[in-house]
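Okay, so here's the structure we're looking at.
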Amino acid sequence: MGKIFYLMGKSASGKDTLFKEILGRIPELKTVVPYTTRPIRTGEKNGREYFFTTGKELQRLLDAGKVIECRTYHTMMGDWHYFTVDDGQINLIKENYLIIGTLESYEKTRQYFGKEQLIPLYITVENGLRLQRALDREKIQSEPRYDEMCRRYLADEKDFCKERLKSCDIEKSYENADFQVCLNTIVEEIRGITINNLSKRENL
């Protein structure tokens, strides 16, 4: 069976950039495009970062039993839903995957596919640096929402508390103070796991 490498961390921890660079180093990893009902941001493209959809479509997928995990955030602009759909994108019999998400989505995806199939990649950054990165990112938006940025920043402290990390069996983290060091460490570990997993399958 393949593995799902699950990349997560607080907002502005560098997850998106790491995600792209890991795929550049290990192009054989497959990806899964999640869904969201939030508005599309500057620079995003439908079907690339997310499938941008509606609450009505989410309900239809829920009724059909197709939603693997779903998170709802009560933002200053209303409720935003982020979710993963069992729509044929994941085939663990043949492939390994790299997915980016939250601790909550990791937990639910692990319940869906099984503990042995998911490998957590938890990214950390010093809080002051993380706040500055979030501010810099928000400034370039066509309509900056600093209130929403602050909400996300504070919510992350609760979402990624030590108790929740422990309940998900996440003991290891990857410090993104030096981007290249962090990237190299993650790439080496993914390669080691996938090569070892491939050897086991060939010996069966």
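Of the strands (runs of 3 or more DSSP E) lying entirely inside the range 66-120, those containing at least 3 residues that are of a type outside the set (Ser, Thr, Tyr) and either surrounded by fewer than 15 Cβ atoms within 10 Å (Cβ to Cβ) or touching an Asp or Glu at 6+ places or on another chain (Cβ under 7 Å) (or both) are 67-75, 78-85.
Pull up the range 36-48, narrow it to residues that are in contact (Cβ under 8 Å) with a residue 24 or more places away in the chain and of a type outside the set (Ser, Thr, Tyr), then point me to the one that is surrounded by the fewest Cβ atoms within 10 Å (Cβ to Cβ). Residue satisfying both the conditions and the ranking: Pro39. Note on the range 128-141: residues that are modelled with pLDDT of 85 or more and under 24 Å from Ser105 (Cβ atoms) total 4. Looking only at the range 5-35, residues that are open to solvent by 10 Å² or more (accessible area, probe 1.4 Å) and in a helix (DSSP H, G or I) come to 9 in all.
For the range 160-174, the count of residues that are buried (at least 16 other Cβ atoms within 10 Å of the Cβ) and over 16 Å from the mean Cα position of the chain (by Cα) is zero.
The values are calculated or read from the model by the stated rules, or taken from the named source; none is laboratory data. A quick note: this is a predicted structure, and the numbers were derived from the prediction, not measured. No Cβ is skipped: glycine too gets one built from the backbone with ideal geometry, and neighbour counts run over all protein chains shown. Protein only, heavy atoms only, side chains kept; ligands, DNA and RNA dropped before computing areas. Shrake-Rupley method; radii C 1.70, N 1.55, O 1.52, S 1.80 Å.
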